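These notes concern the structure reproduced below.
Every number in this text was worked out from the coordinates using simple rules, so none of it is lab data. Since we're looking at a predicted model, the values are computed, not measured. Using ideal geometry, Cβ is built from the backbone for each residue, glycine included, and neighbour counts are taken over all protein chains shown.
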């Protein structure tokens with residue numbers, strides 16, 4: 001998927017002028033955030049916090065041994081009968097999948113939700129090769145029909161109202177009009193059931209790979225993940241190289257913390273462990289299982305100060321907690337991952353300059369770190385990315401000029417004092433109200449209120465206060 | 001160099017992140033259970049499963065269990081079913097035959113009810129652990145709208161961590177021998193349409209769990 005992150009400001013502005021979008025996003029994220037709190041702290045706040053630290057340590061331990069665990073996972077996956085393929089970038093992921101499709105004479109593909117497949121633009125690649133692809137997660141199915149990208153990593157269609165989905169089903173699928181959501185879902189179930197039964201290849205993502213057993217792990221609610229891994233002849237799983245965990249114990253911990261953080265469920269409906277293709281004597285299951293280990297920019301992050309972002313388990317809690325996401329929705333972020341995790345991942349996995357607006361799309365309120373089940377310090381990385389942007393010269397020239405002026409002024413008390421006086425006097429010339437015509441700086445003031453300077457500066461107040469005290473002492 | 005070599009070489013050449021992370025200590029269970037005595041586990045399991053919209057039948061004899069299952073089947077003439085050897089109800093085959101209910105091939109998508117056993121159950125989350133294998137098709141718990149699972153009370157363990165302890169005790173080979181192990185917690189669901197909870201999205205919309213309690217205890 002080509003990143004549109006460079007258009008963040010314009011896209012965010014459009015979203016800010018779309019109250020129905022904001023209502024839908026706010027209602028959904030508020031609900032998810034509330035449920036997350038209840039589930040994470042179901043056994044007390046101390047217990048929940050201890051789980052977060054335990055889960056964070058599990059992810060960090062895995063990252064500290066990433067190359068060894070990947071080799072171990074590969075060996076055990078292979079011993080279990082799976083074929084392991086490695087893909088350096090998006091093109092190689094697509095090439096692998098097309099190769100597999102050709103080898104197994106695949107014409108129809110059903111997919112369960114995979115963010116990696118969105119990263120690499122797999123659906124387009126398959127369609128170009130003349131292979132029919134159908135998304136089967138209800139949310140992904142809806143946005144595929146609408147020709148839109150997902151706007152949330154857990155609930156991809158969070159931005160659409162029930163009425164919008166109804167209209168889409170009526171227009172595109174000929175559904176008899178109804179406002180009843182269960183009826184709409186049943187209608188989609190019928191359509192998709194036929195697709196599952198006639199597809200040759202199922203494509204899934206992967207939430208975890210357990211190195212010690214070579215187990216591919218999926219977490220789903222609808223059952224489409226089970227369908228695409230059980231019914232088609234071939235199953236292909238696309239998994240980021242960072243998703244490996246060392247032991248079953250670490251998996252058992254993380255696979256429970258994930259749904260609690262994502263949707264507030266104690267367990268997802270289907271917590272699925274796959275140990276290879278169908279075995280001798282088994283009545284169903286795929287004849288072949290391929291696991292594609294996807295780098296696509298991850299190994300370049302590994303040795304940097306951003307390595308901790310590789311610990312992310314994609315629960316979306318930071319997205320649900322983010323005031324910026326609540327205001328803009330997910331599409332404004334322009335790539336696969338929205339919200340705070342996207343504001344860090346998109347610049348790192350795509351292009352820093354192109355995504356230069358994203359590290360600034362944060363109030364640095366810190367909520368994203370607070371709710372992260374693996375305690376990733378997203379605010380710290382957002383600040384570091386801002387630093388990198390300055391270092392790389394990706395900030396506007398006026399920003400640089402302003403910062404240089406600030407630097408000069410603050411190094412001299414005399415200059416600082418005169419600048420402060422000038423600001424106090426100068427603000428009287430500005431019109432009242434929040435929109436301030438700052439010329440080229442207007443971009444800053446358009447979304448912020450310019451604070452009024454106090455009538456007396458701190459320096460003047462301090463001097464006056466000391467004089468007052470002197471008088472008291474003398475009396 | 002292949003991509004495999006390139007990726008691994010790059011990871012190996014990098015400064016190791018989190019090299020100072022301590023080794024794992026004792027894991028705190030994610031969902032601890034206060035009372036782990038057998039009777040309390042059944043109570044806990046039933047309450048959690050019902051909270052997930054499952055219907056739980058606690059049966060102290062085989063007759064009651066068979067009656068509950070036949071009631072769910074209703075007027076249907078066909079069900080999907082595991083091999084009877086994997087369902088802890090010896091009289092099930094005969095009871096279905098007497099009621100004129102045939103077992104359809106597991107891939108028949110038109111059948112409404114699927115009957116399985118379970119490999120274990122988790123009290124803390126009301127979950128069933130179901131492994132695939134000969135005589136245990138995965139489709140039986142997946143394709144039909146209604147899933148009936150039969151579990152013995154002594155298969156209920158406190159939580160996922162306790163289940164893992166049983167996996168370790170049996171050895172990892174036994175775990176890896178099943179190509180698919182799925183932990184099922186309630187009926188299939190979605191909230192993708194305006195966050196409204198809808199059951200039975202792709203998998204079963206009804207989950208009936210028959211718990212066989214030991215009357216001799």
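For the stretch A:292-338, just list the percent of Cα-Cα distances falling in each 5 Å bin from zero outward, please.
Reading upward from the zero bin: 4, 17, 20, 22, 20, 13, 3, 0.
Helix B:3-13: angle to the longest alpha-carbon principal axis of chain B, degrees 0 to 90, nearest 10?
Compared with the principal axis, the helix lies near 60 degrees.
Testing the spin-label approximation: label points 7 Å from Cα along Cα→Cβ at residue A:148 and residue A:124. State their distance in nm.
In this crude spin-label approximation the distance works out to 1.9 nm.
Can you give the percent of C-alpha pairs in the stretch A:212-257 whose distance is more than 17 Å?
Tail fraction, whole percent: 44.
I'd like to compare A:108-114, A:396-402: which one has the highest average count of other Cβ atoms within 10 Å, and what's the full order after that?
Highest-to-lowest ranking by the protection proxy: A:108-114, A:396-402.
Have a look at B:58, B:168, B:15 and tell me which one the Gaussian network model of chain B (Cα, springs below 10 Å) gives the largest fluctuation.
For chain B, modelled as a Gaussian network with Cα springs under 10 Å, the answer is B:15.
May I ask for the Rg/Rh ratio of the stretch B:101-217, computed from Cα atoms with Rh as the Kirkwood radius, given to two decimals?
0.99
At 4 °C and 1.567 mPa s, what whole-number value in µm²/s does Stokes-Einstein give for the translational diffusion of the stretch A:308-409, with Rh from the Kirkwood sum over Cα pairs?
Estimated via Stokes-Einstein, D reaches 92 µm²/s.
Which order do the peptides A:223-231, A:21-29, A:38-46 take when ranked by the mean count of other beta-carbon atoms within 10 Å per residue, highest first?
Taking the mean over residues of other Cβ atoms within 10 Å, the ranking is A:223-231, A:21-29, A:38-46.
Using alpha carbons only, how many degrees (0 to 90, rounded to 10) separate the axis of helix A:181-198 from the longest principal axis of chain A?
50
Among B:170, A:107, which comes first, then next, by fewest other beta-carbon atoms within 10 Å?
B:170, A:107
Can you pull the Rg over Rh of the stretch B:14-141, Cα-only, Kirkwood?
When Rh is taken as the Kirkwood radius, the ratio is 1.14.
So if we plug the beta-carbon distance of residue A:10 and residue A:103 into 1/(1 + (r/R0)^6) with R0 = 51 Å, what FRET efficiency do we get, rounded to 0.05?
So the FRET efficiency works out to roughly 0.70.
How large are Rg and Dmax for the stretch A:229-312 when calculated on the C-alpha trace, in angstrom?
Here Rg and the maximum Cα pair distance are 15.8, 49 Å.
Taking only the alpha-carbon atoms of the stretch A:167-224, what semi-axes of the equivalent ellipsoid follow from 5 times the gyration tensor eigenvalues under a square root, in whole Å, largest first?
They are 33, 14, 8 Å, listed largest first.
How big is chain A in terms of Cα radius of gyration and Dmax, in angstroms?
26.2, 102
To the nearest 500 deg cm²/dmol, what mean residue ellipticity at 222 nm is calculated for chain A from DSSP H runs of n ≥ 4 alone, each contributing -39,500 (n - 2.57), summed and divided by the residues?
That comes out to -16000 deg cm²/dmol.
For the stretch B:147-214, which semi-axes, largest first and in whole Å, follow from the square roots of 5 times the eigenvalues of its Cα gyration tensor?
28, 17, 11
Taking each residue of A:34-45 in turn, how many C-beta atoms of other protein chains fall within 10 Å of its C-beta, and what is the average?
1
Helix B:62-73 versus the longest principal axis of chain B: what is the Cα-based angle in degrees, 0 to 90, to the nearest 10?
On a 0 to 90 degree scale, this one is about 90.
So what is the calculated 222 nm ellipticity per residue for chain B, using -39500 (n - 2.57) for each DSSP H run with n of 4 or more, over all residues, to the nearest 500 deg cm²/dmol?
Estimated from H runs of four or more residues: -8500 deg cm²/dmol.
Taking the convex hull of the Cα atoms, report for chain B its projected area averaged over all directions, in nm².
17.5
Quick one: grab Rg to one decimal and Dmax as a whole number for the stretch B:44-87, Cα atoms only, in Å.
My reading of the Cα-based Rg and Dmax gives 12.5, 35 Å.
Given a Förster distance of 41 Å, report the FRET efficiency between residue A:456 and residue A:89 from their Cβ-Cβ distance, rounded to the nearest 0.05.
That pair, residue A:456 with residue A:89, gives E of 0.10.
If you find the alpha carbon centre of the stretch A:169-194 and of the stretch B:40-83, how far apart are they in angstrom?
31
Between B:55, B:181, B:21, where does the largest GNM mean-square fluctuation fall for chain B, given springs only between Cα atoms within less than 10 Å?
B:21
Across the stretch A:61-298, how large is the tail of the calculated P(r) beyond 23 Å, expressed as a percent of all Cα pairs?
The calculated P(r) of the stretch A:61-298 puts 49 percent of pairs beyond 23 Å.
How many partner chain Cβ atoms sit within 10 Å of a residue's Cβ in peptide A:250-258, on average, as a whole number?
4
Please compute the average number of Cβ atoms from other chains found within 10 Å of each residue's Cβ in peptide A:223-234.
5
List A:315, A:365, B:54 from most exposed to least, where exposure is judged by having the fewest other Cβ atoms within 10 Å.
A:365, B:54, A:315
By per-residue mean of other Cβ atoms within 10 Å, what is the highest-first order of A:351-357, A:251-257?
Per-residue mean Cβ counts within 10 Å order the peptides as A:251-257, A:351-357.
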